[in-house]
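Report on one structure; see the data block that follows.
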Amino acid sequence: MRHYKNSLSGTVGFIPTMGALHEGHLSLIKTSLAQNTHTVVSIYVNPTQFLAGEDLDKYPRTLEQDLALCKKLGVSGVFVPNNLYAKDEVFVAAPKIKGYVLEGHFRPGHFDGVLTVVLKLLNLVRPTNAYFGQKDAQQLVLIKQLAQNLFLDTNIVGLPTLRDSDGLAKSSRNVYLSKDERQKALSIYRCLSHIKNNTERKSLSELKDEATQILKVDTLQYLAFTDYNLCMRQTFKKGDTLVLIAAYVGSTRLIDNVWL
Ligand code: AMP
């Protein structure tokens, strides 16, 4: 990968993914294509970010289709490693607070795995710009911090969440949803839209109560209001408020958010 990268001239945009590419991924790729001389995509289902009992084994894998999509879009190279780990390795530790609230609370150690693989990939590819989705808000915040704390020479770019026409955030895990479950999942978007549209008129605590009425998920793990640095908020502040939801619909775990 390093050798290939060194053969490219001009700027390089990089999009790390776990494959099963959907339009959310494609929007990151298209932005990179527009902003860089070359675009490199990686496809790697990173085992260290899955906890025991999570969906590592059944995570959707559609490599042929993914490669065809990348080729059609004009991606310069796709990096598909078999394995990025050896035994008894140095492992990145996510920050003790920001890495262990919200997603990190329900998936302890998840961000250690995410940050480790992202650091490996960024070191291999050494891109000018790396693109990540706001869909994974906490991940984006932590990757920006990784780049800052470890003085990485890559510009981390966050891009908006792409949704289906009914509002459901695109996700590789949406294929797990039955028709009925999808209807329930849509309440997450309705809830976030309700909050987004009423921040001027209502208080955060009022909206939190109303939001829980709107949600029709099976298990709500969290509905949280934070600033852009993941510290909990009691009041709205335009340009610095994140609303984050994680919930189970059936056995599928979904996350979504809005940046206000
Ligand atoms: P994944 O393959 O799920 O690890 O995602 C790879 C990248 O695509 C991450 O930076 C995600 O945040 C981003 N991504 C996933 N879903 C979406 C979406 N619906 N809209 C925009 N970006 C997304």
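The values are calculated or read from the model by the stated rules, or taken from the named source; none is laboratory data. Bear in mind the structure is a predicted one, so any value in this text is a computation, not a measurement. With ideal geometry, Cβ positions are generated from the backbone for all residues, glycine too; neighbour counts draw on all protein chains shown. We work out accessible area using only protein heavy atoms, side chains counted, and drop any ligands, DNA or RNA first. Shrake-Rupley method; radii C 1.70, N 1.55, O 1.52, S 1.80 Å.
A few points about this structure:
- Once each of the trypsin sites (Lys or Arg not before Pro) sitting in a DSSP loop with at most 10 other beta-carbon atoms within 10 Å is removed, the chain keeps 97-200 as its longest stretch.
- Evaluated at q = 0.13, 0.17, 0.21, 0.28 Å⁻¹, the base-10 log of the normalised Debye intensity for segment 87-138, with identical point scatterers placed on the Cα atoms, takes the values -0.36, -0.60, -0.86, -1.12.
- Full extension of the chain between Arg61 and Asn149 yields a length gain of 28.4 nm, computed as 0.36 nm times the residue separation minus the alpha carbon distance.
- For segment 1-41: rounded, prolate or oblate by the Cα gyration tensor [a/c cutoff 1.5]: oblate
- Nonpolar atom fraction for the chain, defined as the carbon and sulfur part of the 1.4 Å probe accessible area, stands at 51 percent.
- R0 of 45 Å, Cβ-Cβ distance Thr37-Tyr248: FRET efficiency to nearest 0.05: 0.55
- Surface calculation, 1.4 Å probe, protein heavy atoms: His22 sits at approximately 40 Å² accessible.
- Across the options Thr11, Met1, Val125, the greatest Cα extent toward the positive end of the charge dipole of the chain (unit charges at beta carbon of Lys, Arg, Asp, Glu) belongs to Thr11.
- Pairs of alpha carbons in the chain whose separation is greater than 27 Å (percent): 38
- Here the Karplus curve 6.51 cos²θ - 1.76 cosθ + 1.60, taken at θ = phi - 60°, turns the phi angles of segment 234-242 into couplings of 9, 9, 6, 9, 4, x, 8, 9, 10 Hz, with x standing for Gly and Pro.
- Unsatisfied cross-links (Cα-Cα over 18 Å) in the set Lys5/Lys135; Lys208/Lys237; Lys71/Lys144; Lys96/Lys237; Lys144/Lys208: Lys5/Lys135; Lys71/Lys144; Lys96/Lys237; Lys144/Lys208
- R0 of 41 Å, Cβ-Cβ distance Glu200-Thr11: FRET efficiency to nearest 0.05: 0.50
- Restricting segment 59-131 to GluC sites (Glu not before Pro) in coil, as DSSP defines it, with at most 13 other Cβ within 10 Å: Glu89
- Residues whose amide H lies under 5 Å from that of Ala20, counting only those 5 or more places away or on a different chain, are Thr62; hydrogens are built 1.01 Å from N in the peptide plane.
- Where the chain is the region considered: accessible area per residue in Å², 1.4 Å probe: 50
- Ellipticity estimate at 222 nm from DSSP helix runs (n ≥ 4, -39,500 (n - 2.57)) divided over the chain, nearest 500: -11000 deg cm²/dmol
- If the segment from Met1 to Gln183 were pulled out straight at 0.36 nm per residue, it would be longer than the present Cα-Cα gap by 61.3 nm.
- Tail weight of P(r) past 23 Å, computed on alpha-carbon pairs of segment 23-161, percent: 36
- Most fluctuating residue given options Gly250, Gly53, Gly113, as computed from a GNM of the chain linking Cα atoms under 10 Å: Gly53
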